[in-house]
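Visitor: Structure in structure tokens, see below.
Nothing in this text is a laboratory measurement; each read-out follows from the coordinates by a stated rule. Since the structure is predicted, the reported quantities are computational estimates derived from the model, not experimental observations. We place every Cβ from the backbone using ideal geometry, glycine too, and count neighbours over all the protein chains shown.
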Amino acid sequence: MKYDYLIVGSGLFGAVFAQQAKKKGKKVLVIDKRPNIAGNVYTEKIEGINVHKYGAHIFHTNIKRVWDYVNEFAEFNRFTNSPVANYKGELFSLPFNMYTFNKMWGVVTPDEAKAKIEEQKKEITGEPENLEQQAISLVGRDIYEKLIKGYTEKQWGRDCSQLPAFIIKRLPVRFTFDNNYFNALYQGIPVGGYTKMVANMLDGIEVRLGVDYLENKAELDSLADKVLYTGAIDAYFGYELGNLEYRSVRFENELLDIENFQGNAAVNYTDRETPWTRIIEHKWFEFGKDENGNDLPKTVISREYSSEWKPGDEPYYPVNDKKNSELYQKYRKLADKEEKVIFGGRLGEYKYYDMDAVIDSALNCADKYL
Ligand code: UDP
């Protein structure tokens, strides 16, 4: 065997595992079917702007080990995510905080805001069983209707009453004037883009791009003792138990000859009528400056359209509802029988992982197997 590990996928899980394996003296080969490394955190420079080609990625974590780890490969800037919600032209602060409550109801104090929510959440009795009930019991019906319902139904293509409650628990609710979207100790964007960070992780490691593992499985398997697979678990098994559902995203990117389109990195369109879910203006991830600190004269925006995944599309989000979770468990049983193969990452584990959780999981996986 030429390699100890064949690593399928050069996204965060694959790159972290590869880096750890090399560090432990293992011989590794990383392959990826795309023409570029870095999976969905891939960034590409356009007019001096690092464009997040597969959707906005804002690094945030509470895990010190993960923060120290990523800082070995990149310097992080002080970007703090404070998205704005646009509901039919009315703007609201996110996540849900005193600025949001003030704009929604005219309330001024935390007690007044709490009283409004208490009054509105009375309609939910008992433990919330789905996203709709969870949202109303967290922030009341007004906010649910204007800032959650339309956005969520566009993003997931499903009624809020059919979605798991945990999705909305990702968002903080605060009775302070704090627009920081994340409750994380550490946050930032890697200076120079994520691609550079992943390239640093893969430094000195053999990488072959444009290689489709599943199409050349036997031949590629014969190159290594073990395989780390970070692609979709159902695709690995040829969808033999049926396909898991995913949400896909389509991006419409535009280079505009203006300096400032929306004044913020992310604006969410939370009404049902606007066909896109959000618009990202990439330059604001790096404060509108190039690497020398000069103001960038142009801007690149991406409109995000969510759609149900179908064969040939890129899978982005696993749909962790009951039906899919049960099917995943069946695939998991098959995966456990594949002695030579480790499954990892958002697609390999069919899990709505954030970047830091993916890295944590890859580091733990490396500790376990290497
Ligand atoms: N969400 C919402 N309104 C918003 C932003 C988010 O209702 O303006 C809900 C929605 O259900 C979404 C979930 O919060 O699926 C998680 O959003 P997040 O921005 O964390 O998703 P990601 O960045 O992973 O796409």
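Visitor: Order the peptides 243-251, 188-196 from the highest to the lowest mean number of other Cβ atoms within 10 Å of their residues. Mind showing how you got there, number by number?
Guide: Numbers: 243-251: 18.3, 188-196: 21.6.
Descending mean neighbour count gives 188-196, 243-251.
Visitor: On to the next question. Expressed as a rounded percentage, what relative contact order does the stretch 8-123 have, with Cα pairs under 8 Å and six or more residues apart?
Guide: Relative contact order, the stretch 8-123: 12 percent.
Visitor: Among Ala235, Phe175, Ala165, whose Cα projects farthest towards the positive end of the dipole of the stretch 162-235, with charges put on the beta-carbon of Lys, Arg (+1) and Asp, Glu (-1)?
Guide: Selected residue: Phe175.
Visitor: I want the local charge near Val41. Using Cβ-Cβ distances under 14 Å, sum +1 for each Lys or Arg and -1 for each Asp or Glu among the other residues.
Guide: -1
Visitor: Right, here's the next one. How much of the DSSP beta bridge set in the chain is antiparallel, as a percent to the nearest 5?
Guide: On the way: 32 of 52 bridges.
Of all bridge pairs located within the chain, approximately 60 percent are antiparallel.
Visitor: Shifting gears a bit: Per residue of the stretch 345-357, in order, report the coupling 6.51 cos²θ - 1.76 cosθ + 1.60 (Karplus, θ = phi - 60°) as ³J(HN,Hα) in whole Hz, putting x for Gly and Pro.
Guide: Listing the rounded values in order: x, 4, 8, x, 10, 6, 9, 6, 7, 7, 4, 5, 5 Hz.
Visitor: With +1 assigned to the C-beta of every Lys and Arg and -1 to the C-beta of every Asp and Glu, and no other charges, what is the dipole magnitude of the chain about the Cα centre in debye, to the nearest 20?
Guide: 640
Visitor: Another question, then. Considering the dipole of the stretch 1-130 built from charges on the beta carbon (Lys and Arg +1, Asp and Glu -1) around the Cα centre, which of Gln20, Tyr42, Asn86 is farthest to its positive end?
Guide: After comparing all options, I get Gln20.
Visitor: Next question, about the same structure. Calculate the dipole size of the stretch 54-155 relative to its Cα centre from +1 charges on Lys and Arg beta carbons and -1 charges on Asp and Glu beta carbons; express the result in debye to the nearest 20.
Guide: On the way: 13 positive and 15 negative charges, 46 e Å.
The dipole of the stretch 54-155 has a size of about 220 debye.
Visitor: Give the residue from Phe59, Pro95, Ile124 lying farthest towards the positive end of the charge dipole for the stretch 39-137; charges sit on Cβ (+1 for Lys and Arg, -1 for Asp and Glu) and the dipole is referred to the Cα centre.
Guide: Value: Phe59.
Visitor: Using amide H atoms built in the peptide plane, which far-off residues or other-chain residues are under 5 Å from Ala266 H to H?
Guide: HN-HN under 5 Å from Ala266: Val84, Glu281.
Visitor: Amide H to amide H under 5 Å from Leu94: which residues, 5+ apart in sequence or cross-chain, H placed 1.01 Å off N in plane?
Guide: Answer set, sorted by chain and number: Ala85.
Visitor: Here's something else I'd like to know. Any chance you could check the Cα centroid distance between the stretch 293-325 and the stretch 1-76 for me, in angstrom?
Guide: That distance is 18 Å.
Visitor: So how strong a dipole does the stretch 184-320 carry about its Cα centre when Lys and Arg Cβ are +1 and Asp and Glu Cβ are -1, to the nearest 20 debye?
Guide: The dipole magnitude comes to about 260 debye.
Visitor: Straight-line reach only, C-alpha to C-alpha below 28 angstrom: list the lysines that Lys149 could link to, leaving out same-chain residues fewer than 8 apart.
Guide: Lys53, Lys88, Lys103, Lys114, Lys116, Lys121, Lys122, Lys169, Lys310, Lys322, Lys323, Lys351
Visitor: For the stretch 248-262, in order, what is each residue's ³J(HN,Hα) by Karplus, 6.51 cos²θ - 1.76 cosθ + 1.60 with θ = phi - 60°, in whole Hz (x at glycine and Pro)?
Guide: 10, 9, 10, 10, 10, 9, 9, 9, 10, 8, 10, 7, 8, 8, 9
Visitor: Could you check how many percent of all C-alpha pairs in the stretch 149-190 are farther apart than 16 Å?
Guide: Of all Cα-Cα pairs in the stretch 149-190, 53 percent lie more than 16 Å apart.
Visitor: Give the separation of the Cα centroids, the stretch 235-254 to the stretch 113-160, in Å.
Guide: Rounded to whole Å, the Cα centres lie 28 Å apart.
Visitor: Straight-line reach only, C-alpha to C-alpha below 15 angstrom: list the aspartates and glutamates that Lys330 could link to, leaving out same-chain residues fewer than 8 apart.
Guide: Asp234, Glu240, Glu245, Asp321, Glu338, Glu349
Visitor: What ranking, highest mean first, results for peptides 24-30, 173-179 when packing means the other Cβ atoms within 10 Å averaged over each residue?
Guide: So the order, starting with the most tightly packed, is 24-30, 173-179.
Visitor: To continue, here is another question. What are the ³J(HN,Hα) couplings of the stretch 271-285, residue after residue, when phi is run through the Karplus curve with 6.51, -1.76, 1.60 and θ = phi - 60°? Round to Hz, x for glycine and proline.
Guide: 7, 7, 6, 4, x, 8, 8, 8, 10, 9, 10, 5, 4, 6, 5
Visitor: What residues qualify as long-range amide H neighbours of Ala38, i.e. H under 5 Å apart, gap of 5 or more or another chain, H built at 1.01 Å from N?
Guide: Long-range HN contacts for Ala38: Ser10, Gly11.
Visitor: Under 8 Å for C-alpha pairs, at least 6 residues apart: give me the relative contact order for the stretch 298-370, rounded to a whole percent.
Guide: Relative contact order, the stretch 298-370: 27 percent.
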